[in-house]
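First the structure, in the form of structure tokens, and then the observations on it.
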């Protein structure tokens, strides 16, 4: 949910003077071209999020089951892609000043997301707000912002397995948070009241890192993977992303099926829920079906066998790998669709371009709808989704950057200070030191096959990658 998915196109007019982050006026400026496939993918994530949040009463529907958990994962992967696009101009001239400037700007963005997340959590009528964790993840990724793509991919793969295992061990050892009545709290998010006492701060830290709805320990691999994907030549990477994403989905969901139904993991799960089934007087299979249909951020710690299930939004290794694979495949399909029929995707890409505004807006709108979504879930979903697409399409055509996107951009640019000079139009790029990251940036500048020459911009041109980094 960022505003960084732009790549350079050749400027058709002399460059405008420096812009210190003022609010945009009118339609987008000439020479600014977003990667339509990324916006389309984020648009699908917005609509999936609306379905998951508004149609809760129709939770058994195949559509709700399909988007549950996966829409948020798609957002997270695309967030990593956007971080890589922001880093691209600095990779062209990786001086210490350039790196510090961009890290400072992203840190401010993270802070703004945290503040907005806290405010939305206060008005949310049910949706678990992800923005606080999203902002914290931005902070935690600052040290690896310029890491090579291969290192990011390896880190994502290792974390996808090690993170859920470590989460399970820590929660099994120290227990999960409980409320005043001693009941385990599931799907927790951080609220402003948590920041008013030492105990509340401890709870907030546990919620963000370990036990909440979107714990850093199991959501970090999604952004790491997105950052690795963002180093590719995205306009031509669609087919490879579809194939790689499909392989990841098969590995995650197929591996879970193999572990549960072939290697005996389901028997261990049935044994763990048998006491609950006996108390309720229902078959253990029914209890397992209810508990395994969805989760609220973490897997149960009653038995390690829960780590074998690919339950949506559970954060098990199989869920992380499978959902990440789906996200990458969806991005690949959107890139292909944009490549061959981009104009037909205009409403969807506009929706994705205003994702942060629509995220906040749909939570506020849902809070005002009262009980109606419970009694007419699909009518309410159609209303919210229709308003989101129509308003985004109109705003994008008439104004350009969304209101919250413009606010985050303006504040982060001003707070980061004067932008460094990456290079001047018509002059040679700034010299770069050796190392894999520098070689990668040089490859992108020189148009080496397999790299992304269209993600590097220079100050003084109207190249949008530089405009976004600025």
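The values are calculated or read from the model by the stated rules, or taken from the named source; none is laboratory data. Here the structure is a predicted model, which is why all the values come from computation and not from measurement. Glycine also receives a Cβ, built like all others from the backbone with ideal geometry; neighbour counts cover every protein chain displayed.
Residue 365: crowded, with 21+ Cβ neighbours inside 10 Å, at pLDDT 90 or above, within 23 Å of the chain's Cα centre (by Cα) and part of a helix (DSSP H, G or I), yes or no? Against the criterion (crowded, with 21+ Cβ neighbours inside 10 Å, at pLDDT 90 or above, within 23 Å of the chain's Cα centre (by Cα) and part of a helix (DSSP H, G or I)), residue 365 does not qualify. Within the range 399-412, the set of residues being within 18 Å of residue 45 (Cβ to Cβ) and outside any loop (DSSP other than H, G, I, E, B) comprises 404, 405, 408. None of 166, 192 is farther than 24 Å from residue 244 by Cβ, in contact (Cβ under 8 Å) with a residue 40 or more places away in the chain and surrounded by fewer than 14 Cβ atoms within 10 Å (Cβ to Cβ) except 192.
If the condition is being without any contact (Cβ under 8 Å) to a residue 60 or more places away in the chain, surrounded by 14 or more Cβ atoms within 10 Å (Cβ to Cβ), assigned to a helix (DSSP H, G or I) and more than 24 Å from the chain's Cα centre (by Cα), then the range 368-398 contributes 372, 383.
Checking each residue in the range 220-239 for being at pLDDT 95 or above and farther than 12 Å from residue 327 by Cβ picks out 220, 224, 227, 228.
Any residue at all in the range 199-211 that's part of a helix (DSSP H, G or I), over 26 Å from the mean Cα position of the chain (by Cα) and surrounded by 15 or more Cβ atoms within 10 Å (Cβ to Cβ)? Yes, the range 199-211 has at least one match. Within the range 212-234, no residue satisfies the criterion of being touching a strand residue (DSSP E or B) at 6+ places or on another chain (Cβ under 8 Å) and not in a helix (DSSP H, G or I).
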